[in-house]
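To start, the structure under review is shown below, and the notes come after it.
The values are calculated or read from the model by the stated rules, or taken from the named source; none is laboratory data. As the structure is a computational prediction, the values presented were derived from the model and not from experiment. Because the Cβ atoms are built from the backbone with ideal geometry, glycine has one as well, and the counts that use them run over all protein chains shown. SASA here: full protein model, heavy atoms, side chains in, ligands and nucleic acids out. Shrake-Rupley method; radii C 1.70, N 1.55, O 1.52, S 1.80 Å.
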Amino acid sequence: MAYWLFKSEPDVWGWDKQIAKGDAGEEWDGVRNYQARNNMRAMKRGDLGFFYHSRTGLEIVGIVEVCAEAHPDSTTDDERWDCVDIKAVRPFAKPVTMKQIKADQRLQDMVLVNNSRLSVQPVTEAEWKIICDLGETKP
């Protein structure tokens with residue numbers, strides 16, 4: 001299993017909207033960055049990810065699961081762009097802020113800290129466990 005982080009502006013697509021999609025999940029569409037797209041192409045069904053509120057909030061608020069592997073993004077006819085489908089698994093008991101993440105020396109090499117603009121990014125198993133612990137949430 002691999003771990004990931006999905007960034008979304010909460011006023012565009014927030015955690016509550018993700019939960020409302022239930023087990024069917026929702027396409028993680030609209031990504032127009034090659035590195036983020038390639039990350040999605042590497043995802044497997046059952047991989048887990050953090051749901052991160054960007055721009056406002058700047059915090060990890062929940063855990064999602066990849067429920068459909070990479071397929072053409074329905075929001076474009078351009079064959080270069082793919083997406084995955086994700087579904088909400090559980091909210092964080094306590095959101096983990098970017099400030100907390102940056103302050104934790106164990107997370108200094110995390111992609112979120114070093115390339116905060118990348119919308120879909122990998123998370124190591126060690127980082128996954130640390131952040132779940134900070135958020136008082138079962139990994």
Worksheet item: Summing +1 for each Lys or Arg and -1 for each Asp or Glu, what net charge is found among the other residues whose Cβ lies under 12 Å from the Cβ of MET98?
Response: +2
Response to the item:
Mean shadow area (nm²) of the C-alpha convex hull around the range 2-139 is 7.4 nm²
Fill in: For the chain, with +1 on Lys and Arg beta carbons and -1 on Asp and Glu, the positive-most of ALA70, SER54, VAL31 along the dipole
SER54
Worksheet item: Roughly what % antiparallel, to the nearest 5, for the DSSP beta bridges in the chain?
Response: 80 percent
Practice prompt. Using a cut-off of 12 Å between beta-carbons, work out the net charge of the residues near ASP82 (Lys and Arg +1, Asp and Glu -1, ASP82 not included).
Written response: -3
Worksheet item: Where does the charge balance sit around SER54 when Lys and Arg score +1, Asp and Glu -1, over other residues with C-beta under 12 Å from its C-beta?
Response: 0
Response to the item:
With x for Gly and Pro, the residue-by-residue ³J(HN,Hα) of the range 55-64, computed from phi through the Karplus equation 6.51 cos²θ - 1.76 cosθ + 1.60 at θ = phi - 60° and given in whole Hz, is 6, 10, x, 6, 7, 7, 10, x, 10, 10
Fill in: Point-charge dipole on Cβ atoms (K/R +1, D/E -1) for the range 6-79, about Cα centre, debye to 20
260 debye
Fill in: Where the range 1-103 is the region considered: accessible area per residue in Å², 1.4 Å probe
51 Å²
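With a/c under 1.5 counting as rounded, go ahead and sort the range 60-115 into rounded, prolate or oblate using the C-alpha gyration tensor (a ≥ b ≥ c being the square roots of the eigenvalues; past the cut-off, prolate if a/b is larger than b/c, else oblate).
Oblate is the answer for the range 60-115, as a/c is 1.5 or above yet b/c matches or exceeds a/b.
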Worksheet item: the range 77-139 to the range 12-29: how many Å between their Cα centroids?
Response: 17 Å
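Per residue of the chain, what 222 nm ellipticity follows from adding -39500 (n - 2.57) for every DSSP H run with n ≥ 4, rounded to the nearest 500?
Working: 5 runs with 34 residues, N = 139.
For the chain, the value works out to -6000 deg cm²/dmol.
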Worksheet item: With +1 on each Lys and Arg Cβ and -1 on each Asp and Glu Cβ, how big is the dipole of the chain about its Cα centre, in debye rounded to the nearest 20?
Response: 460 debye
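Summarise the accessible area of the chain (1.4 Å probe, protein heavy atoms) by the percent that is carbon and sulfur. Let's see the in-between values first.
Values: 3430 of 7280 Å².
Carbon with sulfur: 47 percent of the solvent-accessible area.
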